1. Pull up the stretch 37-55, narrow it to residues that are more than 25 Å from L66 (Cβ to Cβ) and part of a helix (DSSP H, G or I), then point me to the one that is least open to solvent (accessible area, probe 1.4 Å).
2. Only one of these is under 30 Å from G7 (Cα atoms) and surrounded by fewer than 12 Cβ atoms within 10 Å (Cβ to Cβ): L20, L60, L66, L71. Name it.
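The values are calculated or read from the model by the stated rules, or taken from the named source; none is laboratory data. Just so it is clear, the structure is predicted and the values come from calculations on it, not from any experiment. Note that we place each Cβ from the backbone using ideal geometry, even for glycine, and neighbour counts take in every protein chain shown. Keep in mind that these areas ignore ligands, DNA and RNA; they rest on the heavy atoms of the full protein, side chains included. Shrake-Rupley method; radii C 1.70, N 1.55, O 1.52, S 1.80 Å.
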Amino acid sequence: MLMTAFGGFMSLLYLAMLLLAVAALVLAAMAREDAYRAADKQNKMFWLIILGVTVAVNLLVPMLFLQIAGLIATIVFFVDVRPAIQQVSGGGGGGRRGSSSDGPYGPYNGGR
């Protein structure tokens with residue numbers, strides 16, 4: 001019974017790693033090539049190859065070491081590359097909308 005529960009947990013973990021890698025691959029493919037260069041990151045083709053190999057490893061090769069290496073690459077993409085690309089392409093606002101009294105350095109309250 002314990003081994004069955006552990007096997008189910010590991011299956012969910014592998015599925016989560018696969019879904020995360022697929023999401024990273026899609027987001028990497030949607031970004032513009034010049035945004036990678038402007039953000040001073042590796043080029044788009046590099047990330048597409050790394051993340052594509054990660055997806056293939058997660059789907060085809062049940063080797064935990066390779067899957068962990070792919071997970072690290074995926075995390076690096078989400079934590080370092082994607083925010084830099086969003087900032088360069090102007091999509092890094094995080095959904096925050098300023099008010100009409102906001103100046104270039106923050107809200108303007110008329111000296112109060």
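1. Within the stretch 37-55, the subset more than 25 Å from L66 (Cβ to Cβ) is 37-40.
The next check asks that each one be part of a helix (DSSP H, G or I); those that pass are 37-38.
Working: R37: 152, A38: 68 Å².
Filtering first and then ranking leaves A38.
2. Values: L20 fails: surrounded by fewer than 12 Cβ atoms within 10 Å (Cβ to Cβ); L66 fails: surrounded by fewer than 12 Cβ atoms within 10 Å (Cβ to Cβ); L71 fails: surrounded by fewer than 12 Cβ atoms within 10 Å (Cβ to Cβ).
Just one listed residue meets the conditions, L60.
Here is a yes/no grid of residues against (1) closer than 13 Å to K41 by Cα; (2) in a helix (DSSP H, G or I); (3) modelled with pLDDT of 95 or more:
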| site | (1), (2), (3) |
| --- | --- |
| L59 | no, yes, no |
| P62 | no, no, no |
| D80 | yes, yes, no |
| G95 | no, no, no |
